[in-house]
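Heads up: the structure comes next, in structure tokens.
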């Protein structure tokens, strides 16, 4: 069998985005060499700096071109001082989600040895699944009537998206159980107050009934957020609405040491974008000190995605090897400053690449 070749769309973005992408590419190059596959990169210009030059966050041609790639690897997009006329930041990553109907964000949170979390526990290994196309983001493009007295946002929950989201959650729980996790899904909602969330819980129960081998729970978002901090080992897979998921995934990242070690994937059945959970951090951009681990782990998730879709064990093995190498380096060093180390981004990426076997 010949060496596999895959096309990756790169959106390096703004701030520290290009730096962490370059670090991830160092590790991917080593993984491809060791495990026998080639990645070819297409650089796609998008983000706040692109908006300043062109007046758009991503061109229509670029949006269409990334859909032809095997996967998309994204650094970080947006700058706090670059805003659209309505006052919101430039967010092409959200435009991509909507265009390709990437309905779920997968956000693993694992506490690695050598990384100090804020809690007195060493047992954190959960997956937060955030719905990404509707919920409180549903009205993002609704017409805004100018007013100095009130503004409303719309929350919409649909059966079609909920069923896809919950089926994905139970499939992920089953996959994680094969890897040693409990195999349990918890819905976070506000079904006691919001009618849309009561509807969402009803659909969750219907889907849960189709998967009796997987445990299922329903917890109100406020109580669930507290439980994440009090007893994170309680959770395996958490699934929730868009904005709730945005907040809960940040809590999960904080529990395991911060956004510097928090990867993510935005997925549909046909397309996927892989990116770190952190932002562009313009205050440290260009200093070479950004933590590349979240992007490197996102790249490993990308190889898992490609490997599953193409039944390519070389990519699957490489993904596992990158995770093992990252865990080894996080335990022994070098580590970046946000993890109480002194290393540069490049030093960490080179060390992880060298540990890929």
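The values are calculated or read from the model by the stated rules, or taken from the named source; none is laboratory data. Since this is a predicted model, take the numbers as computed values, not measurements. Neighbour counts run over all protein chains shown; Cβ positions are idealised from the backbone, glycine included.
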* To do: Could you tell me which of the residues 223, 209, 233 is more than 30 Å from residue 121 (Cα to Cα) and surrounded by fewer than 20 Cβ atoms within 10 Å (Cβ to Cβ)?
  => 209
* Quick one: which of 29, 7 is modelled with pLDDT of 95 or more and either in contact with a helix residue (DSSP H, G or I) (Cβ under 6 Å, 6 or more places away or on another chain) or in a helix (DSSP H, G or I) (or both)? -> 29
* Does residue 357 fit the bill of being within 24 Å of residue 252 (Cα to Cα) and either crowded, with 19+ Cβ neighbours inside 10 Å or at pLDDT 95 or above (or both)? -> no
* Structure fact -> Conditions (1) without any contact (Cβ under 8 Å) to a residue 24 or more places away in the chain; (2) in contact with a strand residue (DSSP E or B) (Cβ under 9 Å, 6 or more places away or on another chain) -> residue 42 fails only (1)
* Structure fact -> How many residues of the stretch 198-215 are over 18 Å from residue 249 (Cβ atoms) and under 23 Å from the mean Cα position of the chain (by Cα)? The answer is 1
* Could you tell me whether the stretch 17-24 includes any residue that is touching a residue at least 60 places away in the same chain (Cβ under 8 Å) and either closer than 18 Å to residue 306 by Cβ or not assigned by TED's automatic domain parsing to the domain that holds residue 280 (or both)? => yes
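Please count how many residues of the stretch 163-187 are in a helix (DSSP H, G or I) and either farther than 25 Å from residue 101 by Cα or not assigned by TED's automatic domain parsing to the domain that holds residue 237 (or both). Break it down stepwise before answering.
Going through the stretch 163-187, the residues in a helix (DSSP H, G or I) turn out to be 163-178.
Then keep just the ones that are either farther than 25 Å from residue 101 by Cα or not assigned by TED's automatic domain parsing to the domain that holds residue 237 (or both); that gives 177-178.
Total satisfying the criteria: 2.
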* Asked: Could you say which residue among 188, 170 is surrounded by 19 or more Cβ atoms within 10 Å (Cβ to Cβ), under 30 Å from residue 90 (Cβ atoms) and touching a helix residue (DSSP H, G or I) at 6+ places or on another chain (Cβ under 8 Å)?
  -> 188
* Structure fact -> Restricting attention to the stretch 270-288, the residues that are surrounded by fewer than 20 Cβ atoms within 10 Å (Cβ to Cβ) and over 25 Å from residue 139 (Cβ atoms) number exactly 8
